[in-house]
Structure formats: structure tokens, C-alpha cells
Amino acid sequence: MLIGFLILLLFQFAGELIVVVSGLPVPGPVVGMVLLLAGLIVKGDVPDYLRIPSEALLKHLALLFVPAGVGLMTHFGLLQQDWLAILTALIISTALTIVVTALILNPSARKLQALSQSEPGEDDR
Amino acid sequence: MEFWTFFAAKPLMWLIVTITTFIATSWLNRRLGGTPLLHPVLVSLFLIIVFLLLTGTSYETYFEGAQFIHFLLGPATVALAVPLFDHFERVKKLLLPLLLACMAGAVTAAASALLVAQALDASLGTLLSIAPKSVTSAIAIGVAEKLGGYPSLASGLVLITGALGCMLAPPIYRILNITDEAVKGFTLGVSAHGMGTAFAFEYGLMAGAFGGLAMGMTGAFTAFMLPLLVSLLGIG
């Protein structure tokens with residue numbers, strides 16, 4: 001558990017380091033996540049000491065958004081000024097995103113079905 | 001009065017307020033059948049902000065306590081690699097159509113939101129905060145910060161987008177005649193991140209799994225794509 005948590009922090013640190021050195025305009029933790037994913041793909045499985053703290057954190061992910069979200073109280077002026085633009089943009093773009101994604105993926109629906117119905121070991125051909 | 005001043009200045013108190021409010025709103029949301037409109041985070045934000053305003057507490061004071069929770073967002077974002085790896089192992093043979101759908105969806109989400117908001121004269125700070133609205137807050141907060149937007153505004157817009165996605169998806173699926181569970185789940189994950197994924201589980205386990213995959217892929221892709229898109233559109 002503790003080792004797994006340390007691994008997460010080290011990957012985050014590596015991500016932050018890469019961002020600082022390269023000047024990439026990407027959050028450090030996202031780079032850390034990509035590095036960890038690459039590491040897991042190379043390793044081939046997720047050890048329990050990493051899975052347990054990861055799933056514990058992700059189980060309560062929503063709570064972690066609260067402190068930043070409360071910062072909305074510092075932006076009332078901005079919201080008052082831009083609320084119509086914000087709401088219109090969110091509604092139009094969310095609907096468009098659903099349409100585009102669903103239409104692109106729908107032709108592959110049967111293959112996705114077949115894949116999810118096969119047993120995990122079965123698709124290692 | 002002195003009693004209040006003593007406790008309000010202690011970071012511990014805001015830590016307790018945050019966790020207690022979240023537990024209470026999560027319980028309430030479950031009792032109400034998990035409706036995305038009263039998502040525990042949205043209700044928590046509302047209650048905590050009202051409480052801070054009523055007690056005359058500044059956000060800085062609140063954050064002195066809440067930062068200990070906020071800090072965990074970093075390692076939690078890294079931990080998203082674990083479920084992403086699990087899903088990746090299952091679907092690697094069909095990665096191409098999934099990647100294509102994810103990338104097209106992510107670009108559509110950001111570009112259309114930016115263009116509409118720009119056309120309606122939104123300010124620069126709003127534009128840069130709206131751009132990452134369809135990815136999980138874990139990533140959107142960091143992305144907004146990097147772009148020069150407001151992380152807290154971004155996290156609020158992410159939640160509203162999540163609720164909108166859950167409301168808009170079912171009628172759109174009916175109109176477009178989308179019946180496949182995997183397609184429905186994946187689309188919800190791309191357009192409405194974790195809230196869409198939670199909603200997708202109501203279509204079935206497979207829809208939920210594809211939603212989780214879509215959420216991780218979209219988040220990672222968007223973080224790298226947005227800086228390019230923003231400069232391409234000449235914003236910022």
C-alpha cells in the first residue's frame with residue numbers, strides 16, 4: 001500500500017520534472033499517468049501493492065474536486081458577465097460531441113460486442 | 001466570538017467541513033437515485049460556498065485546510081493509469097476505431113465550446129477555462145492552470161458538462177438510433193467524463209467499462225491536444 005503510494009508520487013514527480021525541463025504546456029500528473037501506463041504495458045500486469053492505493057484514491061476522486069471547485073466563489077463577477085456564453089457553449093458542444101463520437105464509433109459496434117463477450121484469456125491469439 | 005475565530009483559523013476545521021459535506025451530499029444523492037443534477041460535488045460546492053459567505057471566510061482561509069485534500073489530486077491523476085491499463089488490455093485489438101472516436105470527440109468538444117463562447121464575447125479567462133470542460137476535473141484543473149484559465153471555474157464547468165451529457169445523451173441516442181451498449185458507454189465517457197461513466201453503468205457493465213476507458217483516453221489526449229488547438233484558434 002505504502003510502496004504503491006510512493007510509486008504514484010514518484011511518477012507524478014517524474015512528470016513534473018519532464019514538464020519543467022521540456023516546457024511542455026501539459027500538467028505534470030498527466031505526464032506521470034502516461035509514464036505509468038507505459039510502464040504497466042511493458043510490465044504486463046498491475047501488482048497489488050499499486051492497485052490497492054490507486055483504487056482507494058480513485059474511489060473517492062470526486063471528493064478531491066471540491067477544494068478547487070469552491071474557488072468558484074472568487075469568480076462570481078466573471079460568471080455574471082459570461083453566463084449566457086458559457087451555458088450556450090456547454091450545451092451546443094456537449095450535444096455535438098455526443099453526435100460526432102457516437103456516429104464515428106457506431107460502425108464498429110458489432111466488433112466491440114464480439115470483443116467484450118469473449119473471455120479475457122481468449123483474445124490472446 | 002473568540003471560540004469561532006480560533007476554530008475558523010485552524011486548517012483542521014475546513015478539512016472536516018469539506019469531508020462532512022461531501023459524505024452528506026453523497027448520501028443524499030444516493031437516496032435520490034443518483035441523479036446527475038444533484039451530483040454530490042455540485043451540491044457540496046454550493047453548500048460550502050454559502051457557508052463561507054455567511055461566516056465571512058475568505059477562500060484563502062478555506063484552502064489552508066482544504067489543500068490537504070486538493071494535494072491528493074496529483075497522485076490520483078497518476079493512478080488513472082491503472083484502470084486505463086485494465087481496459088487497454090481488453091480492447092487493444094480495436095484500438096484504432098476507439099482512438100479515432102475519442103480524438104474526434106475531444107477535438108469537437110473543445111473546438112465547438114471555444115468557438116461558440118468566443119462568438120458570444122466571453123472573456124479570455126472564461127475561454128481558457130471552458131476548453132477542458134469535457135475531461136475529468138482531475139485533468140481539467142491542471143490543464144486550465146497551464147493554459148492560463150481559472151482552475152476553479154474549469155472544475156465547475158466540467159461538472160455542468162457532466163450533468164448536461166447525462167441529460168442529452170439518451171435523446172440523441174434515440175434520434176441517431178444508437179443501440180449498442182459499448183458505443184453508448186464510450187460516447188458518454190468522451191463527452192461527460194466520470195459523470196458520464198457513472199451514468200453509463202445504468203446501461204450495463206460493458207457500457208460502464210467503455211465509459212471508463214473513454215474518460216481516461218480523452219483526458220490524456222486532451223491535455224496534449226489543447227495547447228495546440230488554443231494557439232491554432234488564435235486564443236490566448
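Summary of computed values
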| item | result |
| --- | --- |
| Chain B - percent relative contact order, Cα under 8 Å, separation 6 or more | 18 |
| Helix runs (DSSP H) in chain B reaching 27 Å along axis by Cα, Kyte-Doolittle at least 0.5 | B:11-31, B:95-119, B:151-176, B:205-232 |
| Order by protection proxy (mean Cβ within 10 Å, highest first), peptides B:17-24, B:47-54, B:195-202 | B:195-202, B:17-24, B:47-54 |
| The protein assembly as shown, dipole about Cα centre (Lys/Arg Cβ +1, Asp/Glu Cβ -1), debye to the nearest 20 | 440 |
| Among B:83-95, A:93-105, the order from most to least packed when residues are scored by Cβ within 10 Å on average | A:93-105, B:83-95 |
| With eigenvalues of the C-alpha gyration tensor scaled by 5 and rooted, segment B:75-131, Å | 32, 17, 4 |
| Separation of alpha-carbon centers, segment A:59-121 and segment A:3-33, rounded to whole Å | 24 |
| Descending principal axes extents, the protein assembly as shown, alpha-carbon based, whole Å | 70, 49, 47 |
| Fraction of the pair-distance distribution of segment A:73-119 above 18 Å, Cα-Cα pairs, percent | 58 |
| Surrounding net charge for A:ILE86, when Lys and Arg each add one and Asp and Glu each subtract one, Cβ distance under 14 Å | -1 |
| Area of B:SER44 that stays accessible when all protein chains are in place (1.4 Å probe, Å², to 10) | 0 |
| Kyte-Doolittle mean at least 0.0 and Cα axial length at least 24 Å: DSSP H helices in chain A | A:2-22, A:76-105 |
| Net charge of Cβ neighbours under 15 Å - reference A:ASP48; Lys, Arg +1; Asp, Glu -1 | -1 |
| Cα coordinate range in chain B, projected on the principal axes (Å, largest first) | 63, 44, 32 |
| For A:5-12, mean number of other protein chain Cβ atoms within 10 Å | 4 |
| Protein-only accessible surface order, largest first, of A:ASP45, B:ASP121 at 1.4 Å | B:ASP121, A:ASP45 |
| Residues of chain B: accessible area per residue with a 1.4 Å probe, Å² | 41 |
| Assigned charges on the beta-carbon of Lys, Arg, Asp, Glu; chain A dipole about Cα centre (debye) | 180 |
| Extension gain (nm, one decimal) between B:SER231 and B:ASP121, 0.36 nm per residue minus Cα-Cα | 37.8 nm |
| Zero-based 5 Å bins, Cα pair distances in segment B:2-71, whole percents | 3, 17, 25, 23, 15, 10, 5, 2, 0 |
| Electrostatic dipole magnitude of chain B [Cβ: Lys, Arg +1; Asp, Glu -1; Cα centre; debye, to 20] | 420 |
| Sum of -39500 (n - 2.57) over DSSP H runs of 4+, divided by residues of the protein assembly as shown (222 nm, nearest 500) | -26000 deg cm²/dmol |
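The values are calculated or read from the model by the stated rules, or taken from the named source; none is laboratory data. Note that the structure is predicted; figures quoted are calculated from it, not measured. Because the Cβ atoms are built from the backbone with ideal geometry, glycine has one as well, and the counts that use them run over all protein chains shown. For the accessible areas, the whole protein counts, side chains as well, though only heavy atoms, and no ligand, DNA or RNA atoms are used. Shrake-Rupley method; radii C 1.70, N 1.55, O 1.52, S 1.80 Å.
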